[in-house]
Amino acid sequence: MPSTIILNIKELAGISDATSPLRGAELARINSIKNAYLVIEGEDIAGFGRMEDLDKSKIPSGQVNAHGKMVLPAWCDSHTHLVYAGSREGEFVDKIRGLTYAEIAAKGGGILNSASKLNETTEEQLFIETYNRLKDVMRMGTANIEIKSGYGLTLEGELKMLRVIKKLKERTRVTIRSTFLGAHAVPSLYSANREGYISLIIEQMIPAVAKEKLADYIDVFCEKGFFSVDETERICKAGMARGLKAKIHANQLSASGAVQSAVKLNALSVDHLEVMNDDAINALCGSKTIGTLLPTAAMFLRMPYPPARTLIDRGCAVALATDCNPGSSPGYNMNFVVSLACIGMKMLPEEAINAATFNGACALELQNQTGSIARGKKADLIITKNIPSLAYLPYSFSSNHIEQVMIKGELHYV
Ligand code: NIG
Ligand code: FE
């Protein structure tokens, strides 16, 4: 197995053998070694330590000199809608002129706009668009990602999206988890018969997705004008009966009761949480469900940021993700998400980095494989440029501080 060693690392950060999400004070701790080396064998981290303890007779021939640079775990982006066709900058301008996200959706824009674009795009074209986007995602330091369906809203359209995700899994080194989000919006064809669409999801889409093993998780956009709490529960239960754990869009635009219902369903995560009340906070903080915060979506829609400080201080497991999608967060820069978490939600740099790496891995059930520096884990790493400290990453928010990205042991130059 070919070996590589990264030498003279100014600081090797994110060393942890944790096996469950970091909460409370632990989220603010990042273990690191200054002046370190790290050995990679094949896809995996084989060892690491202080340069002064390195046995010079055993240095492998593949060497990377990281003098002045930091090494940390690559990002785990646990919530994206990376497969989409076209773009929606017209709605961006509508919002500047005063329309709300809900008003744009009500007049056929929003998710339905992306759905008609997607249904006019061939599977091959959709794959090429998304593959190119994913290459750029990798350059920005993300080695693990979740991707949802939800812009098909027909049996064929949803399967097309999930097949594109499957092909991405096969053709890239990124570890990808896929989520079935047929319940993203009620398509126009069913506007007078929403029950008909819910039956289509439960009776046809979910069985077809399960039969082709196209998804790992099930998601519902639980929100006024989209799917109610009762509908969310019915759809999630149908998915769970086929082995799909729930990850739910909850409390983005209103305190709908989605969080409480997701906790009841034992959801792996509840995502968004811009509009929280005491009941929702209490339910989440006493549960195992991870709260995934998407600060770039809140920024883009000019919504209040989720109450990250309260959630962390009350012991909730918090992850950070981009929500990359053409309507509410057209971006996949995890470094910027980490910055915005610090700037807009008062997370400490260490908390934000842990939430974007290890806790993100937990939100994809990948915590035993990636998300921290540990022997035997995948060598999914960011090698920074010459920067003074870890806090410099979120502080200097608009520059690219990444020099190289390693994904399962393979180096990618940025
Ligand atoms: O997570 N809220 C629902 N879904 C996406 C937005 C999708 C869209 O506008 O296309 C989100 O923000
Ligand atoms: Fe989303």
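Step by step: first the residues of segment 261-282, then only those that are of a type in the set (D, E, K, R) and more than 15 Å from ligand 1 (Cβ to nearest atom), then the one that is most open to solvent (accessible area, probe 1.4 Å). Which residue is that?
Lys264
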Practice item. Give the residues of segment 45-89 that are within 30 Å of Thr130 (Cα to Cα) and open to solvent by 50 Å² or more (accessible area, probe 1.4 Å), sorted by residue number. Key: Ser87, Glu89
Practice item. Output the residues belonging to segment 356-414 that are in contact with a Gly (Cβ under 6 Å, 6 or more places away or on another chain) and among the hydroxyl-bearing types (Ser, Thr, Tyr). Key: Thr357, Ser372
Check your understanding: Which of the residues belonging to segment 157-181 are more than 16 Å from the chain's Cα centre (by Cα) and free of Cβ contacts under 8 Å to residues at least 12 places away in the same chain?
Key -> Glu170
Exercise for review: Evaluate the following for Ile111: is it in contact with a His (Cβ under 9 Å, 6 or more places away or on another chain) and open to solvent by less than 50 Å² (accessible area, probe 1.4 Å)?
Suggested key: yes
Review point. Which of the residues that make up segment 283-317 are among the hydrophobic types (A, V, I, L, M, F, W, C), open to solvent by 40 Å² or more (accessible area, probe 1.4 Å) and either touching an Asp or Glu at 6+ places or on another chain (Cβ under 9 Å) or without any contact (Cβ under 8 Å) to a residue 40 or more places away in the chain (or both)?
Key: Phe300, Met303
Check your understanding: Quick one: which of Arg177, Arg163 is assigned to a strand (DSSP E or B) and either surrounded by fewer than 24 Cβ atoms within 10 Å (Cβ to Cβ) or more than 16 Å from ligand 1 (Cβ to nearest atom) (or both)?
Key -> Arg177
Point to revise | Test: Gly141 is surrounded by 24 or more Cβ atoms within 10 Å (Cβ to Cβ) and either closer than 19 Å to Lys408 by Cα or assigned by TED's automatic domain parsing to the domain that holds Gly42 (or both) | key: yes
**Study point:** Filtered residue count, segment 235-260, keeping only those that are of a type in the set (A, V, I, L, M, F, W, C), more than 26 Å from Leu301 (Cα to Cα) and buried (at least 24 other Cβ atoms within 10 Å of the Cβ)
**Key:** 2
Exercise for review: Hand me the list of strands (runs of 3 or more DSSP E) wholly inside segment 250-324 holding 3 or more residues that are of a type outside the set (Val, Ile, Thr).
Suggested key: 269-272
Check your understanding: Just checking, which of Ala374, Ala379, Ala363 is touching a residue at least 24 places away in the same chain (Cβ under 8 Å), out of contact with any Lys or Arg (no Cβ under 9 Å at 6 or more places or on another chain) and open to solvent by less than 10 Å² (accessible area, probe 1.4 Å)?
Key -> Ala374
Exercise for review: Looking at (1) buried (at least 19 other Cβ atoms within 10 Å of the Cβ); (2) not in a loop (DSSP other than H, G, I, E, B), find the lone condition where Glu26 falls short.
Suggested key: (1)
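The values are calculated or read from the model by the stated rules, or taken from the named source; none is laboratory data. From a predicted model like this one, the values you see are computed outputs, not experimental measurements. Note that each Cβ is placed from the backbone with ideal geometry, even for glycine, and that neighbours are counted across all protein chains shown. Surface accessibility is based on the protein's heavy atoms, side chains included, excluding ligands, DNA and RNA. Shrake-Rupley method; radii C 1.70, N 1.55, O 1.52, S 1.80 Å.
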